[in-house]
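Visitor: Mind having a look at this structure? Questions to follow.
The values are calculated or read from the model by the stated rules, or taken from the named source; none is laboratory data. In this text, all values refer to a predicted model and were calculated from it rather than measured experimentally. Glycine gets a Cβ as well: all are built from the backbone with ideal geometry, and neighbour counts include every protein chain shown.
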Amino acid sequence: MSAPTDTMKETSVNILPFPGRSRMSDELIEAVNAAYSGGEFQHAKDAARLIPDELVRKIAFCGTPAQAQEKLDWLREAGVGAVSVFPLGQDRRGTIARFAELALERA
């Protein structure tokens, strides 16, 4: 597993209150919640290790603008009305601006 995937896993811990959206079993959600019951972000590593890479790839926004737009469309179709953006990399403000453009494009 790569460092970016590890970081994305740590941020993914916060979606677990939505089991129908995450497609994780109730048992896995309970295990993740037990490992990280709303603690500080830096303590999310133990819980993050339990989250499958497949889920991270499914919910993380990465790749081309077209790929990000496809994921936004998928989330809208699934009934998700809001997302949290936690940009990684050097140009965090630029990432937020580009994401906002995509999100508002079809709003």
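Visitor: Kindly provide the set of residues from region 68-90 that are surrounded by 11 or more Cβ atoms within 10 Å (Cβ to Cβ) and over 20 Å from Phe41 (Cβ atoms), ordered by number.
Guide: Those that are surrounded by 11 or more Cβ atoms within 10 Å (Cβ to Cβ) and over 20 Å from Phe41 (Cβ atoms): Ala68, Gln69, Glu70, Lys71, Leu72, Asp73, Trp74, Leu75, Arg76, Val80.
Visitor: Suppose we filter region 44-67 for residues that are among the basic types (Lys, Arg) and either over 16 Å from Val32 (Cβ atoms) or crowded, with 16+ Cβ neighbours inside 10 Å (or both); how many remain? Full working, then the answer.
Guide: Let us first name the residues in region 44-67 that are among the basic types (Lys, Arg), namely 45, 49, 57-58.
Next, from what is left, pick out any that are either over 16 Å from Val32 (Cβ atoms) or crowded, with 16+ Cβ neighbours inside 10 Å (or both): 57.
Final tally of qualifying residues: 1.
Visitor: Identify all residues within region 95-107 that are in contact with a helix residue (DSSP H, G or I) (Cβ under 9 Å, 6 or more places away or on another chain), more than 24 Å from Phe41 (Cβ to Cβ) and assigned to a helix (DSSP H, G or I); write none if there are none.
Guide: The answer is Glu101, Leu102, Glu105.
Visitor: Another question, if that's okay. In region 56-73, what residues are of a type outside the set (Gly, Ala, Ser) and part of a helix (DSSP H, G or I)?
Guide: Within region 56-73, Val56, Arg57, Lys58, Ile59, Pro65, Gln67, Gln69, Glu70, Lys71, Leu72, Asp73 qualify.
Visitor: Something else: Among (1) in the same structural domain as Ala107 (by TED's automatic domain parsing); (2) surrounded by fewer than 17 Cβ atoms within 10 Å (Cβ to Cβ), which single condition is Asn33 missing?
Guide: Status for Asn33: all satisfied but (1).
Visitor: Tally time: how many residues in region 74-94 are at pLDDT below 90, not in a loop (DSSP other than H, G, I, E, B) and not basic (Lys, Arg)?
Guide: 3
Visitor: Kindly indicate whether any position in region 8-20 is surrounded by 18 or more Cβ atoms within 10 Å (Cβ to Cβ), touching a Leu at 6+ places or on another chain (Cβ under 8 Å) and modelled with pLDDT under 85.
Guide: yes
Visitor: Hey, does region 35-53 have a residue that's on the phi > 0 side of the Ramachandran plot and modelled with pLDDT of 80 or more?
Guide: Within region 35-53 (the criterion being on the phi > 0 side of the Ramachandran plot and modelled with pLDDT of 80 or more), the answer is no, since none of the residues qualifies.
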